[in-house]
Amino acid sequence: MIKSKGYAAKDSSSPLEYWEFERRELGANDVLIDILYSGICHSDIHQVHDEWGGTQYPIVPGHEIVGRISAVGPGVTKFKKGDLAGVGCMVASCGECDNCKSDQQQFCSEKKTVWTYNSKDVMHDHSYTFGGYSNNIVADADFVLHVPESLDIKKVAPLLCAGITTYSPLKRWNVSKGHKVGVLGLGGLGHMAVKIAVAMGAEVTMISHSPRKKEDAALLGAHKFLNTHEADEIKEFSSYFDFIIDTVSAPHDYNLYLALLKTKGVYICVGIPAAPMEINGRSIMGGNKILTASSIGGIQETQDMLDFCAEHNILPETEMIDIDYVNEAYQRVLDSDVKYRFVIDMSSIEK
């Protein structure tokens with residue numbers, strides 16, 4: 001077994017604390033990654049506190065992982081020792097079903113997707129997986145990403161979740177020059193949606209009820225700003241957008257925003273509110289509008305996203321922390337007190 005150091009929660013009310021544990025030995029197609037940086041995603045907080053149910057304790061969170069490969073199994077040909085690599089939300093799947101073969105491993109039809117943490121590894125030893133708030137990780141090489149060396153590796157980690165979550169639907173709907181894209185919510189997901197949509201050539205408008213977000217939106221590249229508390233601005237943008245990407249995870253009025261779409265416009269949900277969505281059917285039928293959603297992306301699409309970000313020098317806005325600050329960071333995420341993602345310097349675990 002491979003010895004590991006990490007930060008874990010022992011139950012739903014405990015803070016994250018230092019914990020030593022073991023990972024499985026390298027298989028023929030596995031790589032061992034020494035983790036350099038791990039991003040903090042809001043879903044980490046949900047799972048640590050068992051807000052979605054089913055959390056297996058102790059839990060080591062983290063599915064935004066960047067590091068250097070320190071060992072490879074005998075069957076690995078895609079990577080070598082010393083390569084810069086990333087791991088996102090999943091580390092294995094069946095590889096044989098239609099979804100896996102079409103680069104939709106996150107929807108494995110055999111229900112064998114193995115998530116990076118808090119997931120039974122049915123493809124290997126049936127133990128529960130531990131994530132990136134640790135000094136190393138073992139992963140199937142087919143689920144490991146090549147991280148372009150041209151990117152600032154201190155900032156890359158959030159691309160493995162926030163980046164692919166917003167890139168995937170924008171790419172799927174062929175967003176490009178001439179399209180008008182509205183981005184609802186300026187947080188970890190929203191700020192990435194702005195950067196990526198701008199790089200794809202679209203005219204991008206930040207949609208927010210907070211006028212203080214206007215300056216930040218402009219700095220991120222947004223061309224316009226819509227303050228939804230201003231009736232005149234709402235009227236000005238009526239039937240305006242080809243696409244709206246909704247990154248908000250709190251309850252909100254979908255009907256208000258659907259009215260901002262053009263005929264045949266597309267409304268894309270990437271946020272996950274806890275409360276059920278309440279939508280008036282006429283909000284969609286009036287104009288043949290499309291309501292859809294998106295959840296991360298497959299491995300090849302994630303690699304495409306990293307290459308796209310390298311080509312356009314797209315990186316998230318981050319704040320670097322040491323691992324012993326993680327509990328305070330969680331509270332700041334809950335208080336919306338971060339611009340826009342925390343990244344943990346995992347070398348700090350040696351302290």
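Things worth noting here:
- Relative to one another, the C-alpha centroids of the range 276-351 and the range 20-86 are positioned 18 Å apart.
- Exposed-site-free run, longest, the chain (rule: GluC sites (Glu not before Pro); DSSP loop; at most 10 other C-beta within 10 Å): 1-148
- Label zone at Ile272 (point 7 Å along Cα-to-Cβ), backbone N below 16 Å, the range 291-319: 293-298
- Per-peptide average of other Cβ atoms within 10 Å, ordering 84-90, 126-132 highest first: 84-90, 126-132
- Distance in nm between pseudo-label sites at Arg68 and Ser239 (7 Å out along the Cβ direction from Cα): 5.9
- Using alpha-carbon coordinates, inclination of helix 188-199 to the longest axis of the chain, degrees: 70
- Here the dipole of the range 162-293 is about 440 debye; that uses its Cα centre as origin and unit charges on the Cβ of Lys and Arg (positive) and Asp and Glu (negative).
- Peptide packing: for 53-61, 65-73, the average count of neighbouring Cβ atoms within 10 Å per residue gives the ranking 65-73, 53-61, highest mean first.
- Accessible area of the chain belonging to carbon and sulfur atoms, whole % at 1.4 Å probe: 49
- Here the chain is treated with +1 on each Lys and Arg Cβ and -1 on each Asp and Glu Cβ, and its dipole about the Cα centre works out to around 820 debye.
- FRET efficiency for Asp11 and Lys339, using Cβ-Cβ distance with R0 set to 30 Å, rounded to 0.05: 0.45
- FRET efficiency for the Ser43 to His146 pair, using the beta carbon distance and R₀ = 25 Å, is estimated at 0.55.
- Full extension of the chain between Ser295 and Lys351 gives 16.5 nm of extra length, using 0.36 nm per residue less the Cα-Cα distance.
- Trypsin sites (Lys or Arg not before Pro) within the range 96-159, DSSP loop, no more than 14 other Cβ atoms inside 10 Å: Lys111
- Remark: the range 162-293 carries 46 Å² of accessible area per residue (probe radius 1.4 Å; ligands, DNA and RNA excluded).
- Degrees separating the helix 299-312 axis from the principal Cα axis of the chain, which is the longest one: 70
- Using 0.36 nm per residue and subtracting the Cα-Cα separation, the extra length available between Ile279 and His229 on full extension is 16.0 nm.
The values are calculated or read from the model by the stated rules, or taken from the named source; none is laboratory data. Nothing here was measured: the structure is a model prediction, and the numbers come from that model. Reconstructed Cβ throughout: ideal geometry from the backbone, glycine too, with neighbour counts over all protein chains shown. Ligands, DNA and RNA are excluded from the accessible area calculation, which covers all protein heavy atoms including side chains. Shrake-Rupley method; radii C 1.70, N 1.55, O 1.52, S 1.80 Å.
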